[in-house]
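Shown next, in structure tokens, is the structure this report addresses.
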There are 4 protein chains.
Amino acid sequence: MIFPKRGFASDNNAGVHPDILKAISDANHGHTIAYGDDPITEQAKQKFKDLFGQQTSVYFVFLGTGANVLSLKALTDSYHAVICADTAHINVDECSAPEKFTGCKLITIPSSNGKITVEAVQKHLHGFDFEHHAQPKVISITQTTELGTLYTPKEIKALADLAHQHNMYLHVDGARIANAAVTLGISFKEMITDTGVDVLSFGGTKNGLMYGEAIVFLKPGLDKNFKYMRKQGMQLASKMRYISAQFLAYLDQEIWKSNAANANCMAKLLHKELSGIKGVTITQEVQANGVFAIIPKDIISTLQKEFFFYVWDENKNEVRWMTSWDTQEEDIKLFTSLLKQLVH
Amino acid sequence: MIFPKRGFASDNNAGVHPDILKAISDANHGHTIAYGDDPITEQAKQKFKDLFGQQTSVYFVFLGTGANVLSLKALTDSYHAVICADTAHINVDECSAPEKFTGCKLITIPSSNGKITVEAVQKHLHGFDFEHHAQPKVISITQTTELGTLYTPKEIKALADLAHQHNMYLHVDGARIANAAVTLGISFKEMITDTGVDVLSFGGTKNGLMYGEAIVFLKPGLDKNFKYMRKQGMQLASKMRYISAQFLAYLDQEIWKSNAANANCMAKLLHKELSGIKGVTITQEVQANGVFAIIPKDIISTLQKEFFFYVWDENKNEVRWMTSWDTQEEDIKLFTSLLKQLVH
Amino acid sequence: MIFPKRGFASDNNAGVHPDILKAISDANHGHTIAYGDDPITEQAKQKFKDLFGQQTSVYFVFLGTGANVLSLKALTDSYHAVICADTAHINVDECSAPEKFTGCKLITIPSSNGKITVEAVQKHLHGFDFEHHAQPKVISITQTTELGTLYTPKEIKALADLAHQHNMYLHVDGARIANAAVTLGISFKEMITDTGVDVLSFGGTKNGLMYGEAIVFLKPGLDKNFKYMRKQGMQLASKMRYISAQFLAYLDQEIWKSNAANANCMAKLLHKELSGIKGVTITQEVQANGVFAIIPKDIISTLQKEFFFYVWDENKNEVRWMTSWDTQEEDIKLFTSLLKQLVH
Amino acid sequence: MIFPKRGFASDNNAGVHPDILKAISDANHGHTIAYGDDPITEQAKQKFKDLFGQQTSVYFVFLGTGANVLSLKALTDSYHAVICADTAHINVDECSAPEKFTGCKLITIPSSNGKITVEAVQKHLHGFDFEHHAQPKVISITQTTELGTLYTPKEIKALADLAHQHNMYLHVDGARIANAAVTLGISFKEMITDTGVDVLSFGGTKNGLMYGEAIVFLKPGLDKNFKYMRKQGMQLASKMRYISAQFLAYLDQEIWKSNAANANCMAKLLHKELSGIKGVTITQEVQANGVFAIIPKDIISTLQKEFFFYVWDENKNEVRWMTSWDTQEEDIKLFTSLLKQLVH
């Protein structure tokens, strides 16, 4: 078998880190109680508490959409509204799963860099107590954003404060939270717990896990009755030890950090290599593992044949390149050298 | 580390078959397109077509509840009703996930052995075209049932015919379908396709997979727009190759058969060993990998301490023992010898 | 125009009591604030408080299904279950509206007379705290039942006590509650508030109103955020004064009592007239305004042509006759005389 | 009793036209089959066919939210998206009822005058066949808009054509459609059927009815199974004759036209009277029965005390004045004279 080439289409296209696979294999002995009442799950949950604070409660689910939708379900009733960027994964990439499962309205804020501001959110904070109006209840942000940018702790805190002033919650879609932590050089606790975030979708799959995400409730009480929601939301794994084993290794061995560090570093390298190329315009700040660029239209399909990637905006010839935990310098060199060749 | 003891609590408590784990590991090379557009998924889907017929279409999901709920969603609109046994997993073990996601009513038929009959279903086939009445649209059966019994192909065909006579569908929850195929000694095609089943939830997790189930549409057209339902239903795996790799090995190497054969065989052995014991009454026919028995109340907790299992009916002191793909003769001997000792 | 004949098909087939129509007409002056912030609505709500207790809160909706579904929504989250008779209107006559809007499972208890007992409910009070199981949260009964029978206050209290012992609620579908109050000879407060009922769907349409039902929360706090549920449930009337005016007259002038008294009295008369007729078997106790009887199959269609009514159970030739607020002795005489003639 | 003063807060605050009330009263004789199988409903439905075309099918519901939500439900499955103006009633005034009942996403287009254009919609017509993306299926416009403006038939046709080119539908929220017909001076058929609209929410309550709206399917087949949706959507009236009688009179006697003509005329008069007033700026074209204006902040509350109305935009001191079927010249004179007095 010829191993498929590494590309820049998506961090979801990368495989599983070998140490994660090993952790799965190590967990594969004998019988344990299903559905999470096993010692590996217990340890993995404790690991989250160690990182985010002892008041934290954690629930594992299968995938990112599950983590986001169930986080919102835990914080809302059906007549609530969730405020997010128009570029948010919950808005554009989840096929209306949030609306269907929660009944809530998504109020979207136009965003050019994937981020939303206190000022922009404030414009939608009206109609409280007015029964004709879906009641704003959650602000949801993505860290790092779908555009490869990130929020500073100060920005997160400002949004959390705004939410709490209005009896609302702040949810963070952390599908790529490890990449943010590496760039910011701070702990998860400093970024999330200390800024006042209420619920976090803690991603793993895009950063070297096989499957599995974690919903992290940062404050006591927010997970009341949540176990029923997870089950009803079709996210309760029977053989949960295999998700837990992944997270335990991921956190305990700091795989999250080395994987994200590599991906971020490769994105920076890609950015650097692209800088001098005429006809290539970087469109977003490169703060994590995504690089967005406008390139000549006529080279796109040829380039895609060698290194598949997605066109982000057809009208502008803007493309997206994602680096992964397994991207190597050689990949960047081959890719940019081909690109340079095509441009000239 | 001390390996946990094998018990009889649930086939979900067992681990992953080594050859399945190897298949996962073998798939862990390089990048592939996420969300199912990869060659392993293509092969796994083709394998299902080979076994069930070329007109079949297959969609992988994460878990059994997802497979059942999305099968029903594909066959219904919200004003429909689904007829099933009161013992059905969709009725008692899925926390109202079918109702929430589909909007449909579940019409339950009292069942002492987990099965429903044409006669019992017929009593509910009325109110068609009457808008006050949720319209019966699906008959859903479990093979093998939650009580360890099974339907003959003839019985399945009779229910399929009944469904089709009323413009309805037959769904099979096949969480333990491999066990049925082994006992009946027939192919999946003979049991499912040839009897007229419309949609099958094809289970793997309870029989040696790590995670992953398959929704098998047996007839063209039934999966129209289903890809959106799977995504919205939070069941579209990003790194799908790891589910597909499991199913490919499971079917290609007939792991399904050897695993189920072992579980069934061990259940038979357990049944046999229990036969002579005074005070122990087997309550269901042993046709797959479950043994149900009434035992003396005073021995239950002591027995559970050594070999954990669930009490099925508190009022009757009826317990459930499940065998697994990894149950060994030695487990049965140790367990029944302890049981005998406690009874005397 | 020839006025259509009064029949026994349904109390929904009767028109509007003249004094109700007058109240509507009297309310039709000038402008009032829409959506319920008007003085007539205020008075009507106060009238309910006077009858049920000052702690009561009342919300008007358009129809009985709306009253039932929103009552259940107020008491549940989506992972809950509602226990009711298999004959309950919420189970057989609302096209799965409760399941769709609340997400909850309906657990049905077989009932031959429309009533459920403490013993029968108790069998379903298990699986608490077990996330696989939809959590029982509401017992819902109908007063008077769909079979024309009724619960004594003692029976209601026993069910309320049972519910409260399990942290559950008792809901009463009172589409025909006036008929029960008249038969029992007690006040609404004695029947509902004093027995511990939590929420009541208070019907009006079947007893002489044009449209409109009331949801009566008997205990403070149960209606928290309910105004949003009513709006989202498509039950908030813009010109609400016309519903309120009906209820104000209905309660203030005791139209509920005189209307129900007439209907009940006519049912009793019908019962009496039928008693002597050979081949006619009354199948349910006549406690309100419904009479159920098995009659010779061959006379059904001829009888229906003159006085339309519904066959309740095709297999048994059991029919349902409902009397109304406007049924007159003459109607009974004509009908029973025709029936006698046909039987002989 | 002192008759409340007519104001400009909402056309929902006005009462019922006397001829509508008379029609209700005239319908109040004897028994008719409930739930719409009565001759009045038959006639009312035929009247709609006469006006919109014989291929039309019509379903009565209780209220505007019900009409809108069920129209969308008929046209969508849960993974679809509906494109509308951000000012649309379905987006801002229905408490997320569309999302909850249909599961669909609402994609909103910023609009300053309540209208959307082909160009603006086109930007959202992408992601077809991509399962991560809620699939655009309906364009929904309001005629006349929430801002008192209207679409020309040509504009409607352009949006209908655009929808049909993408296998989508055009829905019109016609809560105030009569006002548009009067201004445009064309028939309903010319405005709706001939332009290619698929489904229309035909409003009545805001223009002199007591309650009741009609869902008009303009093309055969679109109402397939719709009767179940209406029932499940809690919009099937038992005593339907009283809705039907209103619509029959409304259409047959052209009450829709005279009522809307008066409201429109009074809005024009109000506009004219305001024109000369310094400090008052009209912010929207006055094409129907709404007048939007920026007025001095300090006079708002005093003015509201005499003639209650709503502030549309707090930040801009923009207010909304609605005229009604019963607004009289005298009301305009009194109001504008007070306003003038306050301004000076």
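The values are calculated or read from the model by the stated rules, or taken from the named source; none is laboratory data. Keep in mind the model is a prediction, meaning the values are calculated, not measured. Every residue, glycine as well, gets a Cβ built from its backbone with ideal geometry; the counts of neighbours run over all protein chains shown. Ligands, DNA and RNA are stripped out before the accessible areas are found, and what is left, the full protein with its side chains, is counted by its heavy atoms. Shrake-Rupley method; radii C 1.70, N 1.55, O 1.52, S 1.80 Å.
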- prompt: Got a sec? Which residues in the range A:227-257 would a label at A:Gln43 touch, if it sits 7 Å along Cα→Cβ and we count backbone N under 19 Å?
  reply: A:239-257
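Round to the nearest 0.05 the FRET efficiency obtained for A:His344 and D:Glu119 when R0 = 41 Å and r is the Cβ-Cβ distance. Display every interim value, and only then the final one.
Values: r = 37 Å, r/R0 = 0.91.
After rounding, the FRET efficiency stands at 0.65.
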query: Using protein heavy atoms only (no ligands, DNA or RNA), what is the total accessible area buried between C and D, 1.4 Å probe, nearest 100 Å²?
result: 4900 Å²
query: How about A:Lys340: which lysines have a C-alpha closer than 28 Å to its C-alpha, ignoring those fewer than 8 places off in the same chain?
result: A:Lys5, A:Lys268, A:Lys272, A:Lys278, A:Lys297, A:Lys305, A:Lys316
message: Using Stokes-Einstein with the Kirkwood hydrodynamic radius over Cα pairs, what translational diffusion coefficient do you get for the protein assembly as shown at 4 °C and a viscosity of 1.567 mPa s, in µm²/s rounded to a whole number?
response: 39 µm²/s
- request: Any chance you could look up the accessible area of C:Glu42 with a 1.4 Å probe, heavy atoms only, rounded to 10 Å²?
  value: 110 Å²
- request: Please report how far the C-alpha centroid of the range A:204-250 lies from that of the range C:43-102, rounded to the nearest whole angstrom.
  value: 35 Å
field: C:Ile282 accessible area, assembled protein chains, probe 1.4 Å, Å²
entry: 50 Å²
- request: With springs connecting C-alpha atoms under 10 Å apart, model chain A as a Gaussian network and identify which of A:His31, A:His166, A:His133 has the largest mean-square fluctuation.
  value: A:His31
message: Under the convention of a label 7 Å out along Cα→Cβ, give the distances in nm from A:Gly221 to the same position in every other copy, shortest first.
response: 1.4, 5.5, 5.6
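Is there a quick way to get the dipole size of the range D:62-196? I mean about its Cα centre, with the Cβ of Lys and Arg at +1 and of Asp and Glu at -1; what is the value in debye to the nearest 20?
Numbers: 10 positive and 14 negative charges, 30 e Å.
So the magnitude is around 140 debye.
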task: Would you mind getting me the FRET efficiency between D:Gln54 and D:His164? Use the beta-carbon distance for r and R0 = 35 Å, nearest 0.05.
output: 0.95
Inter-chain Cβ neighbour average for residues A:30-39, partner chain, 10 Å: 6
message: Probe of 1.4 angstrom, ligands and nucleic acids ignored: what's the accessible area per residue over the range B:1-156, in square angstrom?
response: 32 Å²
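Please identify the trypsin sites (Lys or Arg not before Pro) of the range C:81-126 that satisfy two criteria: DSSP loop assignment and at most 13 other Cβ atoms within 10 Å. Which are they? Before the final figure, lay out the partial values.
On the way: sites: C:Lys100, C:Lys105, C:Lys115, C:Lys123; in loops: C:Lys115, C:Lys123.
Counting only loop positions with at most 13 other Cβ atoms within 10 Å, the trypsin sites (Lys or Arg not before Pro) in the range C:81-126 are C:Lys123.
Indicate the gyration tensor shape class of the range D:18-252 (rounded, prolate or oblate), computed on the Cα atoms with a ≥ b ≥ c the square roots of the eigenvalues: a/c under 1.5 is rounded; otherwise a/b larger than b/c is prolate and the rest oblate.
Judged from the Cα gyration tensor, the range D:18-252 comes out prolate (a/c at least 1.5, a/b above b/c).
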Reachable lysines, given that their alpha-carbon falls under 24 Å from the alpha-carbon of D:Lys49 and they are not under 8 places away in the same chain: D:Lys22, D:Lys73, D:Lys154, D:Lys157, D:Lys189, D:Lys206, D:Lys219, D:Lys224, D:Lys227, D:Lys231, D:Lys239, D:Lys257
- request: Check each residue of the range B:132-167 and keep those whose accessible area, probe 1.4 Å, is at least 10 Å² smaller with all protein chains in place than in the chain alone; give them in order of residue number.
  value: B:His132, B:His133, B:Ala134, B:Gln135
message: Using a Förster radius of 41 Å, what is the FRET efficiency between D:Cys265 and B:Phe130 based on their Cβ-Cβ separation? Nearest 0.05, please.
response: 0.30
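Keeping all protein chains in place, calculate the accessible area per residue for the range D:255-343 (probe 1.4 angstrom), answer in Å². Mind showing how you got there, number by number?
Numbers: 4160 Å² over 89 residues.
Per-residue value: 47 Å².
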query: Between D:Gln253 and the same site in the other copies, what are the distances in nm, shortest first, taking label points 7 Å from Cα along the C-beta direction?
result: 2.3, 8.2, 8.3
- prompt: Roughly speaking, to the nearest percent, how much of the range C:139-181's 1.4 Å accessible area is carbon and sulfur?
  reply: 51 percent
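Please state the charge dipole magnitude for the range C:82-145, taken about the Cα centre, from unit charges on C-beta atoms (+1 on K and R, -1 on D and E), reported in debye and rounded to the nearest 20. Numbers along the way, then the final one.
Details: 5 positive and 7 negative charges, 15 e Å.
Rounded to the nearest 20 debye, it is 80 debye.
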query: When you look at the Cβ of every residue in B:282-288, what mean number of other chain Cβ atoms sits within 10 Å?
result: 0
message: Along the charge dipole of the range A:1-105, pointing to its positive end and built from +1/-1 on Cβ of Lys, Arg, Asp and Glu, which listed residue (A:Phe60, A:Asn91, A:Thr32) has its Cα farthest out?
response: A:Asn91
message: Residue by residue through B:77-85, how many Cβ atoms from other chains fall within 10 Å of the Cβ on average?
response: 5
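Ranked from the most accessible area to the least, with a 1.4 Å probe and all protein chains present, what is the order of A:His124, A:His171? Intermediate values should be presented prior to the final figure.
On the way: A:His124 55, A:His171 0 Å².
The most accessible residue leads, giving A:His124, A:His171.
If you roll a 1.4 Å probe over the range B:1-126 with all protein chains in place, what percent of the accessible area is carbon or sulfur? It would help to have the intermediate numbers written out before the result.
On the way: 2230 of 4220 Å².
Summing carbon and sulfur atoms, their accessible area is 53 percent of the total for the range B:1-126.
Using only helices, what value at 222 nm comes out for the protein assembly as shown when you add -39,500 (n - 2.57) per DSSP H run of length 4 or more and divide by the total residues, to the nearest 500 deg cm²/dmol?
On the way: 52 runs with 532 residues, N = 1376.
Mean residue ellipticity at 222 nm (helix-derived): -11500 deg cm²/dmol.
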field: Cα centre as origin, Lys/Arg/Asp/Glu Cβ charges: the protein assembly as shown dipole, Debye
entry: 0 debye
message: Could you identify the residue of D sitting closest to the D-C rotation axis by Cβ and state that distance rounded to whole angstrom?
response: D:Phe62, 2
message: Can you give me the solvent accessible area of D:Phe62 with a 1.4 Å probe, rounded to the nearest 10 Å²?
response: 10 Å²
GNM top mover of B:Ala120, B:Ala160, B:Ala81 - chain B, alpha-carbon springs below 10 Å: B:Ala120
query: What are the label-to-label distances in nm, one decimal and shortest first, from B:Ser301 to the same spot in the other copies, with labels 7 Å along Cα to Cβ?
result: 6.7, 6.9, 7.4
